[in-house]
Amino acid sequence: MEEVLEALHREASPTKHSHIRFACTQARDVLESQVGLLRSPPHQLRALCLAALQGALETRQSKLVTLAVSGYYKLLRDTQFHSGYEEDDDSTWLAAQVLASLHSLPHHTEDTQVDLLKVVLNMSCVAGVSSSGQLVTQVVGVCGLAWGRGGAPLRTAAQAAASQAIAQLVRQLKEESEEQEKLYLRGSQRRKKKEEEEEEEGKRKEEEEEEDYDFIAPAFDESVPIINFVAEKLMDVKRLEDSKKGAEIPALYLLECVKTLLACLALPETLAHLHKPSEGVSSTPASGTPSYCSTLFTTSLWQRLCPALVALLGTPTSHRLARASGRTEGQMGRGSGCMAHPAPLFNNQQARAIYSVVCGLVVTMGGVGEMRPVLESLLHRMLLYPPPQCRQDALKAVTELLGNPTKLVQLAGPILYPDPRNPHQNDMALFRLVMDSLGECAGCGEGGVRGVLVGAVGGLLGSLERLTQGHALSKHQVGLTNALYAALQDGDYSGHSFLHRATHI
């Protein structure tokens, strides 16, 4: 770093850039004085060096900017700028300080913006760099603005930087959740041991005990600011589309960010902590079913993100307008209305992104009862509103669910965490929506749709075969299924309209 500061001092003009020369001298003097115990905190060292680098960036002179970019990489690699622990004030964290120094990013050439976004990408790859939901939200916002105003190279760099920041945060939250569970388990063991000792001594402990039925794991609530930000920007996109204006942060970029978040959360090792049942709690609710751990995270999804996705999918027109288009009933979608247009009112790339996000929500949150109503609404809008000949992309997304036994269980398996406000939910409701759509598509004359339909049914049969062999089922799912259907005939759908429709596919 000292070499970069010296080069900046040499290249900076004594008259125009005196502030840069002063910042370089001050930072270099402090770095050279770091001996033994007389060391400054890392955040102070970073602040001094970043002041010089930020000043060099703001000049927009090629030599100074190139030196500044190399200085950022030096700062990320040098361990003297890394903290073993961060202060309570997150504005002094490495990620926050670097982001604050990059506020001139929009004013640079596209090539320079790509280089600076690579710095942000590398920052998310450095081990030990702490992050938070608010900081990642800032990264998503900065990268989104760059994505919206640039060409293909800038868009690629922006998407990669945002995705890496989200993935790094999820890994950090998983580690924090593991630590919380270890602390909770040790505390439970100590309490149990103390109670046993008091019982042996014949002592009675008089205290009011409140039963805590939930195992609270707030670590993943740190991702809520990202979800809220994306949902808000998606609604802005919808409002601006209605007024024929373009959004600063396009919907496709936002949807890709949500896909990354859901894909990271859906990893088996992460999902186990996100959906941690209350195993260590002394007693369980009256229903005997462990409760879902993160109410704030769930609420953010069903109150903010899912309505934004429904809005993007559009509101169908009336039956009267649909029939006026000249198509027969079998060529139209259904629901509260039919789409009068032969395809969704948005481009196919955005449609595919929405479908992937919906399927990601099913995989991540399909076992949570509170999420089931909004997931039903999304699948209904995605699979039943468009006419069958326009469902090819939607069916491709659903095929991934049907062809994977683990994902199929999230779609059609028992509700692992029932909603106490709606205890009588149908665990097959999502699966029935999918089968209804497949049944309607069976009569479609579009070759592409029928080809995808055959692949979906083949994938479903393969997944069912693996499930019958005991694969992809957790102990929790097996226990709930056995408790729900005491005998094999109790789970038979013979004579039900569902089976009747399924046999016609």
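The values are calculated or read from the model by the stated rules, or taken from the named source; none is laboratory data. Remember, predicted model here, so these are calculated numbers, not experimental data. So basically every Cβ, Gly included, is an ideal-geometry build from the backbone, and we count neighbours across all protein chains shown.
Of (1) part of a helix (DSSP H, G or I); (2) under 20 Å from L8 (Cβ atoms); (3) among the hydrophobic types (A, V, I, L, M, F, W, C), L102 satisfies all except one. Which?
(1)
Against the conditions (1) surrounded by fewer than 20 Cβ atoms within 10 Å (Cβ to Cβ); (2) under 24 Å from S13 (Cβ atoms); (3) at pLDDT below 95, where does S70 fall short? Just the number, please.
All conditions pass for S70, except number (3).
Using the structure shown, decide if R191 is over 30 Å from G246 (Cβ atoms), modelled with pLDDT under 95 and not aliphatic (A, V, I, L, M).
On the way: over 30 Å from G246 (Cβ atoms): yes; modelled with pLDDT under 95: yes; not aliphatic (A, V, I, L, M): yes.
So R191 fits the description; yes.
Restricting the search to segment 29-67, which residues are small (G, A, S) and closer than 23 Å to H107 by Cα? Don't jump to the end; show me each part of the working.
Step one: of segment 29-67, the residues small (G, A, S) are 33, 36, 40, 47, 51-52, 55-56, 62.
Within segment 29-67, A47, A51, A52, G55, A56, S62 qualify.
Of the residues T328, T270, which single one is of a type in the set (S, T, Y) and modelled with pLDDT of 80 or more?
Unique residue meeting the criteria: T270.
Looking at segment 106-120, is at least one residue of a type in the set (A, V, I, L, M, F, W, C) and either in a loop (DSSP other than H, G, I, E, B) or modelled with pLDDT under 95 (or both)?
So the first thing to find is which residues in segment 106-120 are of a type in the set (A, V, I, L, M, F, W, C), and the list is 114, 116-117, 119-120.
Among the residues that remain, those that are also either in a loop (DSSP other than H, G, I, E, B) or modelled with pLDDT under 95 (or both) are: none.
No, every residue in segment 106-120 fails to be of a type in the set (A, V, I, L, M, F, W, C) and either in a loop (DSSP other than H, G, I, E, B) or modelled with pLDDT under 95 (or both).
Select from segment 362-383 the residues that are of a type in the set (G, A, S) and more than 19 Å from P405 (Cα to Cα) and write down the one among them that is surrounded by the fewest Cβ atoms within 10 Å (Cβ to Cβ). Step through it out loud before you land on a result.
Step one: list which residues in segment 362-383 are of a type in the set (G, A, S), which gives 366-367, 369, 377.
Of the ones still in play, those that are also more than 19 Å from P405 (Cα to Cα) are 369, 377.
Values: G369: 22, S377: 18.
Selected residue: S377.
Does segment 482-505 include one or more residues that are closer than 20 Å to E400 by Cβ and either in a loop (DSSP other than H, G, I, E, B) or modelled with pLDDT of 85 or more (or both)?
yes
Please go through segment 7-23 and give me each residue that is surrounded by 14 or more Cβ atoms within 10 Å (Cβ to Cβ) and not aromatic (F, W, Y), ordered by number. Steps first, please.
First, pick out the residues of segment 7-23 that are surrounded by 14 or more Cβ atoms within 10 Å (Cβ to Cβ): 7-9, 11-12, 17, 20-23.
Listed by number, the residues that qualify are A7, L8, H9, E11, A12, H17, I20, R21, A23.
I'd like to check something: does segment 90-99 contain any residue that is among the charged types (D, E, K, R) and either under 12 Å from V4 (Cα atoms) or modelled with pLDDT of 90 or more (or both)? So that I can check it myself, show each step before the final result.
Residues of segment 90-99 among the charged types (D, E, K, R): 90.
Next cut, either under 12 Å from V4 (Cα atoms) or modelled with pLDDT of 90 or more (or both) only: none.
Within segment 90-99, not a single residue is among the charged types (D, E, K, R) and either under 12 Å from V4 (Cα atoms) or modelled with pLDDT of 90 or more (or both).
When you scan segment 30-43, how many residues do you find that are surrounded by 12 or more Cβ atoms within 10 Å (Cβ to Cβ) and either more than 39 Å from the chain's Cα centre (by Cα) or among the polar types (S, T, N, Q) (or both)? It would help to see each step written out before you state the result.
Taking segment 30-43 as the starting set, the residues that turn out to be surrounded by 12 or more Cβ atoms within 10 Å (Cβ to Cβ) are 30-31, 39-40, 42-43.
Next, only the ones that are either more than 39 Å from the chain's Cα centre (by Cα) or among the polar types (S, T, N, Q) (or both) stay: 30-31, 39-40.
The number of residues fulfilling the criteria is 4.
Within the set of pairs 6 or more residues apart or between chains, which connect a residue that is of a type in the set (S, T, Y) inside segment 40-52 to a residue that is surrounded by fewer than 24 Cβ atoms within 10 Å (Cβ to Cβ) with Cβ atoms less than 8 Å apart?
Going by the 8 Å Cβ cut-off, the qualifying pairs are S40/V30; S40/Q34.
Residues to consider are G443, G439, G451; find the one that is touching a residue at least 60 places away in the same chain (Cβ under 8 Å) and either assigned to a helix (DSSP H, G or I) or in contact with a strand residue (DSSP E or B) (Cβ under 7 Å, 6 or more places away or on another chain) (or both).
Details: G443 fails: either assigned to a helix (DSSP H, G or I) or in contact with a strand residue (DSSP E or B) (Cβ under 7 Å, 6 or more places away or on another chain) (or both); G451 fails: touching a residue at least 60 places away in the same chain (Cβ under 8 Å).
Exactly one residue qualifies, and that residue is G439.
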